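> Handing you this structure, nothing more for now.
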Amino acid sequence: MEQKWKYFLQQFEAYLRLERLLAAHSIVAYLSDVTKFFRFLLGKAVGPDSVESIHIQEFLAALHDVGIKATSQLRVLAGLRVFYKFLWLSGHITKDPTKLIESPQLGQHLPSVLSVLEIEAIIHAIDHSTPIGIRNRAIVETLYGTGVRVSELISLRVSHLYFEERFIRVIGKGNKERLIPIGAMALKYIKLYLEEVRIGMNIRPGHLDTLFLNRRGSGLSRVMIFLMVQALARKAKVDVEVGPHIFRHSFATHLIEGGADLRAIQEMLGHSSITTTEIYTHLDKNYLKQIMQDYHPRSQLNDLHQ
C-alpha cells in the first residue's frame, strides 16, 4: 500500500510540474500536504484510490486535536482537493472524496484595540528630551493619526508630505498610492522631528528622502518599530499585547465610534473591499450601552417611573 501511495505521489508531482506549470515551492507545499494525509493513513490499509470522505474528516479532526489552526487545515484540504482532482482527471477514481468535505470554519477575528487613554499613556511614556524620543513621538502620532501599515510607515518619504494640504502620500499593497489626511498632532511632531532631529543627521546615500531614520542615518525596519512600540507599552503599563498594527486598528475603530463614514475609512486604510473594513464595526458592548444610556429618550431611569 505504501508503494502505491509513493507511485501516485510521483505521478502527482509530474502533473503539477508539467501540466499545471507550478513553481517549485508550490509543488513542495502540495506534496507535503498529501504526504501528511498518506502518513496518517499508514496502517489502515487504505490506498489513495480507495479513500472515502470519512478518512479525510478523521484526518482534519486529528489536525484540530493537535492544535493545527483552521487556516492551516484549509491549506491542507486545498492540497488534497488538487490531488483528488488529479486522480479523477487521470481516471484512477470515479468519485472525488473531497467533494462532500466542508471547509473548517475560520470564524471572525476581531482585532485588538487600544483605548484613547491607553494611547495617551503610551505617548506620555516617550522621553521627549532626546532626539530619538522626538522621532518616536512622530512615529506613534503618525501610526495612530493616519492608520498606515508599518510597512507603509517605514517607506514614507519626505517628498510625500503635504503640510499645507494636511495630506500624506502612501505607497500601499500592490504598489498602489493613496492620499491620507493627517491630523494636527502628527503634523506637529513630524515638523519638529524634521527641523530639530533629522536636519542634523548624517544621512546615508539612498535614504535622503526617507522620512524616519535610525541613528546611523538609514531607514528603519519593521522589527525596530515593533520593539520600540512594545517597550513604550511596557513602560506605560498597558496590559494589551501591543504592536504597530494595533494603532491602525485603533485608528479605524475610534473613527467608527465617532460616527465616521465606512467608505471614507476604507479609502484611508487602503482596503480594496469594504468587507475588510467592516470588521471594525465591532464596538465594545459597554460603549454601545453608554450610547443608549446617553442618547435614547427612553433610557433614563426616571423615564421608567413616568
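> With (1) surrounded by fewer than 17 Cβ atoms within 10 Å (Cβ to Cβ); (2) outside any helix (DSSP H, G or I) as the list, and VAL51 as the residue in question, which single condition is left unmet?
If we test VAL51 against (1) surrounded by fewer than 17 Cβ atoms within 10 Å (Cβ to Cβ); (2) outside any helix (DSSP H, G or I), just (1) comes out false.
> Identify the single condition in (1) within 15 Å of ARG135 (Cα to Cα); (2) over 15 Å from the mean Cα position of the chain (by Cα); (3) of a type outside the set (D, E, K, R) that PHE226 does not satisfy, given that it satisfies every other one.
Condition not satisfied by PHE226: (2).
> So how many residues does the stretch 234-249 have that are within 14 Å of the chain's Cα centre (by Cα) and not in a loop (DSSP other than H, G, I, E, B)?
5
> So ARG166 fits all but one of (1) in contact with a helix residue (DSSP H, G or I) (Cβ under 8 Å, 6 or more places away or on another chain); (2) modelled with pLDDT of 95 or more; (3) among the basic types (Lys, Arg); what number is the exception?
It is condition (2) that ARG166 fails.
> Looking at ASP65, ASP49, ASP127, ASP33, which one is more than 30 Å from the chain's Cα centre (by Cα) and of a type in the set (Asp, Glu)?
ASP49
> In the stretch 280-288, is there at least one residue being part of a helix (DSSP H, G or I), within 16 Å of the chain's Cα centre (by Cα), surrounded by 12 or more Cβ atoms within 10 Å (Cβ to Cβ) and modelled with pLDDT of 80 or more?
No, every residue in the stretch 280-288 fails to be part of a helix (DSSP H, G or I), within 16 Å of the chain's Cα centre (by Cα), surrounded by 12 or more Cβ atoms within 10 Å (Cβ to Cβ) and modelled with pLDDT of 80 or more.
> Let me ask something else about it. On the given criteria, is PHE59 of a type in the set (A, V, I, L, M, F, W, C), under 13 Å from LEU87 (Cβ atoms), surrounded by 12 or more Cβ atoms within 10 Å (Cβ to Cβ) and under 34 Å from the mean Cα position of the chain (by Cα)?
For PHE59, the condition - of a type in the set (A, V, I, L, M, F, W, C), under 13 Å from LEU87 (Cβ atoms), surrounded by 12 or more Cβ atoms within 10 Å (Cβ to Cβ) and under 34 Å from the mean Cα position of the chain (by Cα) - is not met.
> Could you grab me the full set of residues in the stretch 32-46 that are over 13 Å from TYR84 (Cβ atoms) and touching a residue at least 40 places away in the same chain (Cβ under 8 Å)?
Selection gives SER32, LYS36, LEU42, ALA45, VAL46.
> Please count how many residues of the stretch 148-200 are part of a strand (DSSP E or B), under 24 Å from MET224 (Cα atoms) and among the aromatic types (Phe, Trp, Tyr).
0
> Among GLY172, GLY107, which is the only one that is surrounded by 18 or more Cβ atoms within 10 Å (Cβ to Cβ) and at pLDDT below 95?
GLY172
> Return the residue satisfying two criteria in turn: it lies in the stretch 201-230 and is in a loop (DSSP other than H, G, I, E, B) and among the polar types (S, T, N, Q), and of such residues it is modelled with the lowest pLDDT.
Ranking the candidates gives SER221 first.
The values are calculated or read from the model by the stated rules, or taken from the named source; none is laboratory data. What you see is a predicted model, and the numbers here were worked out from it, not measured in a lab. In this analysis, Cβ positions are derived from the backbone assuming ideal geometry, glycine residues included, and neighbour counts consider all displayed protein chains.
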